[in-house]
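The values are calculated or read from the model by the stated rules, or taken from the named source; none is laboratory data. Please read these numbers as outputs of a predicted model, since none were measured by experiment. Reconstructed Cβ throughout: ideal geometry from the backbone, glycine too, with neighbour counts over all protein chains shown. Ligands, DNA and RNA are stripped out before the accessible areas are found, and what is left, the full protein with its side chains, is counted by its heavy atoms. Shrake-Rupley method; radii C 1.70, N 1.55, O 1.52, S 1.80 Å.
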Amino acid sequence: MKEITKPSSAPSSVWYNDKNKIMGFPQLNSNLETDVLIVGGGIAGLSTAYCVASSGKKVIVVEDGAIGSGETGKTTAQLVTALDTRYYKMETVFGVADTALIAESHQQAITFIEDLIRREKIDCEFERLDGYLFLHPHDQQDSLLKERDALLRSGQTTALLENTPGIPTEGKSLLFPMQAQFHPMKYLLGLCKAIVEKGGQIYVNTHASVINHTGITSDKGFTISAKHIVVATNAPVNDTYAMMLKQTAFRSYVISGLVKKQILPKALWWDTGDQQNENGQPYHYVRTTAYDDDFDLLICGGEDHPVGVIGEFSENERFERLEMWTRARFPIETITHKWSGEVLIPMDSIAYLGRNPFDKKNAYIITGDAGIGMTYCTIGARIICDLINDVGNRYESLYAPSRFHLKASGPFFKTVMGDIEGILHKWFSGKGEQLDTLGLDEGKIIEIEGHRCGAYKDASGHLFLVSAECTHLKCILCWNASEKSWDCPCHGSRFSFTGEVLNGPANENLKSYDTPQACASASESMATSNSGYNRIKQIRSHLKNKR
Ligand SMILES: Cc1cc2nc3c(=O)[nH]c(=O)nc-3n(C[C@H](O)[C@H](O)[C@H](O)COP(=O)(O)OP(=O)(O)OC[C@H]3O[C@@H](n4cnc5c(N)ncnc54)[C@H](O)[C@@H]3O)c2cc1C
Ligand code: FES
């Protein structure tokens, strides 16, 4: 079987590498019909396929790269009730009762995964372990106390400890017992096997180009018609506006380093996040995983920033800062891996799981992972399976993608619109750089005869030219030096340097060109290419008028 990979030169994670690639599934090469069609072969799509196939429905999954080649291959795979947003903050939006329901849904998702692993005999290094939340230096001293009280109100077990087990230099911490972790690619492999055993079909290297409530048409022109369609592409690629105005995309960085076995307790660790950071509140998240007879790997993530807005530190500096933070707290030796991935932060902090708004009733989405996608995607899979089977689910309305919490909307829109307008203004009032300023292994937006193109020159001097406009809503793209990709600052779409779409909501590749002249003559001129900026201005003034 030919190895199938998505075109990308992105660094591989601890999990998604040659050793753990899931092989053996074909590309779609005929027209098919099914009960349930799922677009996306990450944890959301495969969990849904598993639930739906277990309920006796005929299911097909299509994935445009390899299984796990999206964010699931880049995760740190902590299975937690310790969410990124503090429970005491969620109470102000959802109230105490629904905040308790949120906590319960994550507890149940972990138990569901544990039972599934046992039932299907999946060898994926699943283990239960405790987690510790400690204070970021920029956070208020009483933050842990407030969180403890909210945890107790939501029916969870916790305790405020005088220290942070495993990190003697940190002070108090809040205990989250019975969290879990696993190897995400081994879990996906187990899900794939179980889906196939239950009669499901999986197609890889199959891009769903056209998606609607009746099914899909693949990039090779084959169709699959279905009674129900689930779009599990992380950012929903069947949605142009509705969902992407309700969430923002962030890039998160991860390193792993060798640590001698037995030195650290088995645990998960998090800090409460940088409350003074105006681009969100990036926090650190840490776990370990087995490596060899002598060492484990300590995996640490953080340094998040909005996609396409690198801010004051470059991608490499972010990895360096992460390493410094980790070395200051943990006895790590050689760094083995560095990678980054994308998380989607919903405006009210919890995921969107269920029927796709403004669509037919048989179209469903799983998005807005909030950095907690292992459990959210599992909760989403179960809600959607119940909707398809017309069975009640107690979390359906809580996570309905059509919901809108006014209390959570103000600061969100202000930040999102302000950021986007600023970014776009910068791009449209500034000039692209000249092609001859482009160094080896560098990417830039360049200006050719008054037209903009995305240009990347690889280490051997080969030039790759693409359109500089995102295929979602035409914002101008930014270069991501670590992933060697073109990233969109508006809603987080990403493209490889050769133009293939890597992350939605865009679902179309960028146009690529052989010569600078071809790119210039195909691109809109700078004077007229401010369509994205004007669109955002229109939305902003529309929102102002609504208030
Ligand atoms: C650095 C990092 C650390 C994280 N750590 C944690 C953690 O510790 N715990 C936790 O719970 N969560 C964590 N998350 C979040 C979690 O990894 C994600 O929420 C989850 O993996 C998302 O799964 P998914 O199936 O929705 O998306 P993906 O895994 O991205 O799957 C979507 C798939 O859809 C495919 N696709 C897209 N468009 C098409 C199309 N048109 N046709 C066919 N296929 C298509 C893509 O190729 C992709 O494989 C982390 C995320 C990151 C980036
Ligand atoms: S992701 Fe929306 S314009 Fe690029």
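Computed in the context of the full set of protein chains, the accessible area of the chain at 1.4 Å probe radius has 50% of its extent on carbon or sulfur.
Rg over Rh for segment 242-393 works out to 1.06, using Cα positions for both radii and the Kirkwood form for Rh.
Computed on the Cα atoms alone, the convex hull of segment 202-332 gives a volume of 188 cubic angstrom per residue.
With a Förster radius of 35 Å applied to the C-beta separation of Val210 and Ile263, the computed FRET efficiency comes to 0.05. Can you find, among Gly443, Ile229, Ser521, the residue sitting farthest towards the positive end of the charge dipole of the chain, where Lys and Arg contribute +1 and Asp and Glu -1 at Cβ? So the residue we want is Ile229. Please list the helices of the chain that count as membrane-span-like by this rule: a mean Kyte-Doolittle hydropathy of at least 0.0 together with Cα atoms stretching 27 Å or more along the helix axis, each helix being a complete DSSP H run. Length and hydropathy pass: 87-119, 406-429.
Once the dipole of the chain is set up with Lys and Arg at +1 and Asp and Glu at -1 on Cβ about the Cα centre, which of Thr85, Ser496, Ala100 lies farthest towards its positive end? The listed residue farthest towards the positive side: Ala100.
Charge dipole of the chain (Cα centre as origin; +1 on each Lys and Arg Cβ, -1 on each Asp and Glu Cβ, all else neutral): 1380 debye, rounded to the nearest 20.
Size check on the chain: the Cα extents along the three principal axes, sorted descending, read 64, 57, 52 Å. What the Cβ-Cβ distance of Gln276 and Met23 gives, at R0 = 45 Å and to the nearest 0.05, is a FRET efficiency of 0.45. Per residue, the chain exposes 41 Å² of solvent-accessible protein surface, assessed with a 1.4 angstrom probe and all protein chains in place. If you model segment 37-136 as an ellipsoid using its alpha carbon gyration tensor, with each semi-axis the square root of five times an eigenvalue, the axes come out at 28, 17, 16 Å, biggest first. The DSSP beta bridges internal to the chain are antiparallel in roughly 75% of cases. With just the Cα atoms defining each centre, how far is segment 204-280 from segment 296-365? Give it in Å. Segment 204-280 and segment 296-365 have Cα centres separated by 11 Å. Multiplying the residue separation of Glu170 and Lys511 by 0.36 nm and removing their Cα-Cα distance gives an extension gain of 117.7 nm.
Do the sum for the chain: with -39,500 (n - 2.57) for every DSSP H run of n ≥ 4, divided by all residues, what is the mean residue ellipticity at 222 nm, to the nearest 500 deg cm²/dmol?
Helix-only estimate at 222 nm: -9000 deg cm²/dmol.
For segment 239-296, what is one quarter of the convex hull surface built on the Cα atoms, given in nm²?
6.4
Dimensions of segment 299-353 based on its C-alpha atoms, expressed as ranges along the principal axes with the largest first, amount to 40, 24, 18 Å. Values of log10 I(q)/I(0) for segment 256-338 across q = 0.12, 0.13, 0.17, 0.21 Å⁻¹ run -0.38, -0.44, -0.70, -0.98, by the Debye formula with one identical scatterer at each alpha carbon and no solvent.
Our estimate of slack between Glu33 and Ala400, defined as 0.36 nm per intervening residue step minus the Cα-Cα distance, is 129.4 nm. Going down the table (Lys89/Lys246; Lys19/Lys474; Lys58/Lys186; Lys58/Lys360; Lys172/Lys246), which pairs top 30 Å between alpha carbons? As for pairs spanning more than 30 Å Cα to Cα, those are Lys19/Lys474; Lys172/Lys246. Distances between placed amide hydrogens fall under 5 Å for Val61 paired with Ile38, Gln201, Ile202, Tyr203, all partners being 5 or more residues away or on another chain.
Shown here: segment 318-389, whose C-alpha atoms stretch 52, 22, 18 Å along the first, second and third principal axes, sorted largest to smallest.
By average Cβ neighbour count within 10 Å, what is the ranking of 289-299, 433-443 from highest down?
289-299, 433-443
Across every direction, the projection of the convex hull enclosing the Cα atoms of segment 200-271 has a mean area of 9.5 nm².
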